[in-house]
Structures are given as C-alpha cells and as structure tokens.
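A short write-up of the structure that comes next.
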Amino acid sequence: MKKICVNNERINVLTSIILMALFNFLFLGTEYLFDNMMAYAVDSEGVVLAQSYILGASVLGFVIFPVVSRRMSSNTKRMLLFCGTVFGVICIFVIQQHLSYAAILFPGLIFFTFLGAVGSGVHYWVFYVFEGSRHLAKMMGAAYALGIFLQFVNHNCVKNDVVKAVILSVSLMFFLILILKLKKETTFVRQERTGETEKDRVTLRSRSVAAGALVACVVFMTCVFSTLDNAVTLVHASGSVDIGQWPRLLLALSGLTAGFLYDLKERRFMNLMMYSVTLLSTICVVVIQSGGSFLVGLIVFYLSAGFFVVFFTVSFMELAHYMKIPEFWAGIGRAINNICAVMTSALSVMLLSSKNSMAIIITALILFVLISIAIYVYQSQFRLEEMKKSEQPVIDDTDKFAAFSEQFSLTDREQDVLKVLLESDENVQEIAEQILISRAALYRHITSLNEKTETKSRIGLLQFYYSWKKEN
C-alpha cells in the first residue's frame with residue numbers, strides 16, 4: 001500500500017512539472033506566433049500594442065478561474081474545458097492564417113483569456129500537489145526551464161508556421177488530458193489533507209497586509225526587470241548588437257539554478273536571494289545606460305529573469321496556503337507580472353530613451369527602496385506558532401497517555417502517530433518516513449485524531465493533549 005501511494009505521489013509530481021512546462025511553452029509559443037502574424041498586418045508599434053491586449057486578456061483569464069471554480073459543477077467545468085480547448089485549436093490556426101488585423105487580434109484575445117483561466121487552474125492544482133513540499137522551488141524551476149527549452153526548440157528547429165501551429169495545437173490537447181488527470185488526483189489529495197500540513201506551523205499576522213506587501217514587491221520588481229529588458233531590447237533594436245536566440249537558454253539555466261538555491265534551508269533565504277538579484281539588476285540598468293558593458297547587462301538580465309519567475313510563482317503558491325481563496329492567489333503572480341510589464345513598458349522606454357542618467361538612477365533607487373520595504377513588511381507577517389521542542393513537555397506520564405488513548409478510543413496505530421507527534425517537531429514528510437508510512441496515510445491518521453478529539457489541526461491536537469487531565 002505504501003509503495004502504491006509513493007508511486008502515485010511521484011506520478012502527480014511528474015504530471016505537475018509537465019503541466020507547468022506546457023503552460024509556459026503554450027504561452028510563449030503562441031505569443032511568438034501571434035507577434036509574427038501581427039507583423040503582416042501592422043508596424044512594430046502596432047505589434048507591441050496588440051501584444052499588450054493579449055497579455056491583458058490572459059490577466060482576465062486568471063481572475064475568471066476562481067469564480068468558475070467556486071460556482072460551477074464539475075461536469076460544467078469539464079465541458080467548458082473541453083470546448084475551450086477546441087476553440088483554442090481553432091484560434092491558433094486562424095491566427096496562423098493572418099487574414100487581417102481583426103482575424104489575428106480577436107482569436108488571440110479569446111485564446112489568451114482561455115489560457116489564462118486554465119493556467120490559473122493549473123497553478124491551483126499544482127499548489128495542492130506540492131503544498132508543504134520542501135522541493136517546491138526545484139519543481140517550479142524545472143518546469144520553467146523545460147517550458148523555455150521547448151519554446152527554444154520549436155522556434156529554432158521548426159521554420160514552417162503551419163507546423164508550429166500544429167505543434168502548439170497538439171500540445172494544447174495533451175495539456176487538456178494532463179489537466180483532467182491532475183484535477184482528479186488533487187480532489188483525492190484535498191480529501192487526504194483535512195489534517196495539518198507543514199505550513200500550519202506558521203501563521204500570518206495579517207492576510208491582507210502580507211498579500212498587499214507581496215503584490216507590491218512583485219509590482220516594483222517587475223518595473224525593474226521590465227526596464228532592464230527594455231534597455232537590452234533598445235540596444236538590440238539599434239542594430240549595434242545582435243542578441244539572437246541562444247541567450248534564451250540562460251533563462252532555462254537560471255530557472256533551474258534558482259529552484260535549487262531557493263529550496264536551501266526550506267526556502268528561508270529565498271527572499272534575501274531575490275533581493276540580491278534585484279539589487280544586481282538595478283545596478284545593471286544604470287551601467288547599461290551609462291555606457292557600460294552591454295554583454296554583462298545581457299547576461300544579468302537573462303539570469304535574473306529566471307530567478308524572478310520562480311520567485312513569484314513559488315511565493316504566491318506559498319501565500320495561497322494561508323488565504324481564504326487559494327484558487328485566486330496560487331497563480332496570481334503571473335497575472336500581476338503580465339499586467340505590470342504592459343503598463344510600465346512605455347514609461348520605461350520613454351525614460352531610457354531620454355538618456356537622462358540622473359533620472360534613471362533616481363528612479364532605480366526609488367524602486368529599490370520600495371522593494372526593500374515591501375520585502376520587509378511581507379517577511380514580518382509570518383510568525384511561528386508551534387511550540388519549540390525544548391518547550392514541549394515530554395511524555396513521562398504513561399498513565400495519562402494510556403488514559404487519553406482509552407478515553408478517545410485511539411487505535412494502536414493512532415497511538416504510535418500521537419507519540420511521534422508529541423516527541424518530534426519534524427515536518428510531516430519526515431515523521432511519515434520515521435514511522436514507515438506514506439505521507440497520505442499519516443494525514444489520514446492525523447485527521448482521525450483531530451476528529452476524535454474535536455481539534456482542528458496538529459497544533460491544536462498537541463495543545464489539547466497537554467491540557468487534558470486524567471480526571472476529565
């Protein structure tokens with residue numbers, strides 16, 4: 001039984017990684033196809049404007065999903081998902097035909113609204129698979145890197161637009177199949193996790209303050225990275241340097257690297273690492289604009305971009321655990337990044353084109369200060385609620401434990417689990433390994449203990465035991 005559970009968990013993890021990778025590939029690949037086809041109908045400024053429209057449509061999709069998820073039945077959602085996939089395939093081929101401006105724009109708006117909604121759902125379902133996992137950042141980094149690599153191969157190895165449209169369509173259909181599979185599995189996972197997860201050791205002082213601070217942090221960081229992106233693009237557009245496609249592989253490398261680094265010490269230093277990367281990127285904006293090494297700025301941009309994507313993906317998935325509507329928060333980081341990139345692009349280009357080094361430096365410093373404040377406020381909202389191991393009473397009253405077990409009709413296995421919970425402050429995965437059961441089985445035992453003692457969480461169970469007296 002344990003082997004089956006472990007295998008199911010591994011399959012869910014692999015499915016989640018592939019789904020996130022396909023989402024990144026479909027988003028980037030279709031966006032690139034849309035831009036190329038739109039270039040047949042309008043000039044470069046028109047392409048940029050049309051691109052901002054589809055990015056805005058994707059943001060709308062991210063917001064739509066929580067409403068659909070909570071108000072519609074499972075059958076209705078499956079029907080919408082199937083119909084949306086069919087229309088998505090049609091939209092891809094209509095865009096590829098580039099018959100007119102409207103025939104490119106409207107299918108693009110429909111497709112990216114659908115992709116945004118589905119992408120929000122994927123983030124939410126993946127959030128449940130990895131909830132409490134110590135390897136969340138690694139998995140998100142791997143998914144991002146795989147998505148970038150798939151887009152790179154599709155762009156460089158496939159030259160025919162019709163073939164690209166076919167590949168995107170097949171990927172979308174495979175995407176649908178994996179979504180249905182993972183959605184079914186996460187329903188089971190949610191039933192298993194009515195007990196406590198590792199994240200329940202930490203609480204938020206204020207949900208609204210934490211959410212606002214993280215949103216502000218991503219907004220200000222997006223301004224910095226969008227400005228650095230535009231600084232690189234302006235140099236490339238001037239013809240003085242040909243960037244090419246190969247540097248995009250640095251995005252894949254940076255995503256993988258970020259995942260492994262962020263997961264060190266259970267992501268305790270993730271915010272600090274991202275803060276350092278932002279500082280380096282801010283300095284590079286000033287260096288490039290002041291006539292410094294463009295190559296250094298280019299490398300920093302591609303490496304830091306991967307760190308940023310993994311950062312906001314993981315951060316919002318972690319925040320979703322504490323929020324009342326996790327469907328909304330699990331994937332909202334992508335939406336915030338998209339809308340801010342569109343809104344700040346014109347302003348950053350205007351600022352960079354002005355060649356006013358002092359204004360650029362002052363703006364960069366202001367953004368960096370705002371990021372510093374936002375990160376500090378966000379970090380300060382987390383507090384550890386679980387009692388420290390040194391402060392926990394030890395189980396030296398065997399009579400009390402026996403009486404407690406008899407009073408609440410605990411099974412032998414539930415008694416074993418309770419003893420370990422009382423003696424250990426390890427996370428759920430480590431406790432499961434210690435008593436040689438799967439994490440899913442451990443969740444079931446904790447849930448049963450909560451039900452029998454009428455407690456709500458692992459912390460509540462421990463506090464109830466220590467306050468319980470035999471004469472009760």
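If the condition is being modelled with pLDDT of 65 or more and closer than 30 Å to K419 by Cα, then segment 350-402 contributes F382, R383, T398, D399, K400, F401, A402. Sort out which residues of segment 134-150 are small (G, A, S) and open to solvent by 20 Å² or more (accessible area, probe 1.4 Å), and write them in order of number. Residue satisfying the conditions is A142 alone. Screening segment 393-465 for helices (runs of 4 or more DSSP H) wholly inside it with 2 or more residues that are over 23 Å from F130 (Cβ atoms) and small (G, A, S) returns the ranges 398-407.
Checking each residue of segment 301-321 against the condition of being at pLDDT below 80 and of a type in the set (A, V, I, L, M, F, W, C) gives at least one match. The residue that is nearest to M343 (Cα to Cα), among those in segment 37-59 that are crowded, with 16+ Cβ neighbours inside 10 Å and over 27 Å from the mean Cα position of the chain (by Cα), is V47.
Of note, T113 satisfies the criterion of being open to solvent by 20 Å² or more (accessible area, probe 1.4 Å), among the polar types (S, T, N, Q) and within 24 Å of the chain's Cα centre (by Cα). Of all the numbered requirements in (1) of a type outside the set (D, E); (2) modelled with pLDDT of 90 or more; (3) part of a helix (DSSP H, G or I), V126 misses one, and that requirement is (2).
Just one of (1) of a type in the set (D, E, K, R); (2) under 30 Å from the mean Cα position of the chain (by Cα); (3) at pLDDT below 80; (4) open to solvent by 20 Å² or more (accessible area, probe 1.4 Å) fails for R458. It is (4).
Here K159 clears all of (1) out of contact with any Ser or Thr (no Cβ under 9 Å at 6 or more places or on another chain); (2) of a type in the set (D, E, K, R); (3) in contact (Cβ under 8 Å) with a residue 40 or more places away in the chain except the condition numbered (3).
In the condition set (1) without any contact (Cβ under 8 Å) to a residue 12 or more places away in the chain; (2) under 17 Å from the mean Cα position of the chain (by Cα), L136 is compliant with all but (1). Among residues of segment 75-110 being among the hydroxyl-bearing types (S, T, Y), part of a helix (DSSP H, G or I) and over 24 Å from the mean Cα position of the chain (by Cα), the one that is modelled with the highest pLDDT is Y101.
The values are calculated or read from the model by the stated rules, or taken from the named source; none is laboratory data. Quantities reported herein were computed from a predicted structural model and do not represent experimental measurements. Note: ideal-geometry Cβ built from the backbone for every residue, glycine included; neighbour counts use all protein chains shown. We work out accessible area using only protein heavy atoms, side chains counted, and drop any ligands, DNA or RNA first. Shrake-Rupley method; radii C 1.70, N 1.55, O 1.52, S 1.80 Å.
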